[in-house]
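Asks: The structure follows.
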Amino acid sequence: MAVSKNALPLAPDVWRRRQLRRVAVFVCLPGLTLGGASLSSAYVLGLWHRPPPASRGQVVLTVSVARDSFDLRVLNGSGRTGLAAAGASQLAHAGFRTCGVANAPESLWTDHAADIRYGPDGLPGARLAAAQIAGSRLVADHRVGTGVDVVLGTAFEPSGPASAKQVSYPQKPGRARTCAGAEALQSGVRGYPAADQP
């Protein structure tokens, strides 16, 4: 008579190991299934964010302004006599609409070639003016409008060699070179002293 394997009694340690394997499979298999389903549904629903794809190129839109479309005031921020007048002449020759020259208060003096001061609406014009003066820096303030102040510093050289950025534009015929509030700027209003002499 043949005896089957299942009919034989098992040793207690073998029986315990089989029971532990059955319990482990019974507990782990449903846990892994539920965990995988939860992660995949969170991914599909967007709850688990994947990193954004690498940028292949970024489009940057810039606002282009004409050189004579905003008021540009030139201030002497170095203490050198006639610097603002020379700088204004150079910028006007390059096509900018200069609205006056003045001495900057000592609190605005700079060791850079120029500080280009602008308000929120004047950033495009400030960038254009900064491109004209090598070694300048942009300084945001809380002014209203598109007007820009160029505070020339000790490093500015008005009669230096012309750079590639200093391109001359002829005056358009029939256009007056007047700025809104130019008289107030030249008379020293807004906390600045009267215009310096060349």
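Asks: Being under 60 Å from the mean Cα position of the chain (by Cα), at pLDDT below 70, more than 30 Å from Pro124 (Cα to Cα) and not assigned by TED's automatic domain parsing to the domain that holds Leu123 is true for just one of Pro52, Pro30. Which residue is that? Before the answer, list the steps.
Replies: Details: Pro30 fails: at pLDDT below 70.
Going through Pro52, Pro30 in turn, the sole match is Pro52.
Asks: For residues in the stretch 80-121 being polar (S, T, N, Q) and over 20 Å from Asp68 (Cα atoms), which is nearest to the chain's Cα centre (by Cα)? Give the derivation first.
Replies: Of the stretch 80-121, the ones polar (S, T, N, Q) are 81, 89-90, 98, 103, 107, 110.
Right, trim to over 20 Å from Asp68 (Cα atoms) and you get 81, 103, 107, 110.
Numbers: Thr81: 35, Asn103: 30, Ser107: 25, Thr110: 22 Å.
Residue satisfying both the conditions and the ranking: Thr110.
Asks: Of all residues in the stretch 128-138 being touching a residue at least 24 places away in the same chain (Cβ under 8 Å) and farther than 11 Å from His112 by Cα, which is surrounded by the most Cβ atoms within 10 Å (Cβ to Cβ)?
Replies: Among residues in the stretch 128-138 that are touching a residue at least 24 places away in the same chain (Cβ under 8 Å) and farther than 11 Å from His112 by Cα, the one surrounded by the most Cβ atoms within 10 Å (Cβ to Cβ) is Ala129.
Asks: Could I ask something else about it? Being surrounded by fewer than 13 Cβ atoms within 10 Å (Cβ to Cβ), in the same structural domain as Phe96 (by TED's automatic domain parsing) and at pLDDT 90 or above is true for just one of Asp149, Asp141. Which residue is that? Before the answer, list the steps.
Replies: Values: Asp149 fails: surrounded by fewer than 13 Cβ atoms within 10 Å (Cβ to Cβ).
Every option except Asp141 fails the conditions.
Asks: Just one of Gly35, Gly82 is under 30 Å from Ala104 (Cβ atoms) and either at pLDDT below 85 or not polar (S, T, N, Q) (or both); which is it?
Replies: On the way: Gly35 fails: under 30 Å from Ala104 (Cβ atoms).
Result: Gly82 is the single residue among Gly35, Gly82 that is under 30 Å from Ala104 (Cβ atoms) and either at pLDDT below 85 or not polar (S, T, N, Q) (or both).
The values are calculated or read from the model by the stated rules, or taken from the named source; none is laboratory data. Quantities reported herein were computed from a predicted structural model and do not represent experimental measurements. Please note: Cβ atoms are built from the backbone with ideal geometry, for glycine as well, and neighbour counts cover all protein chains shown.
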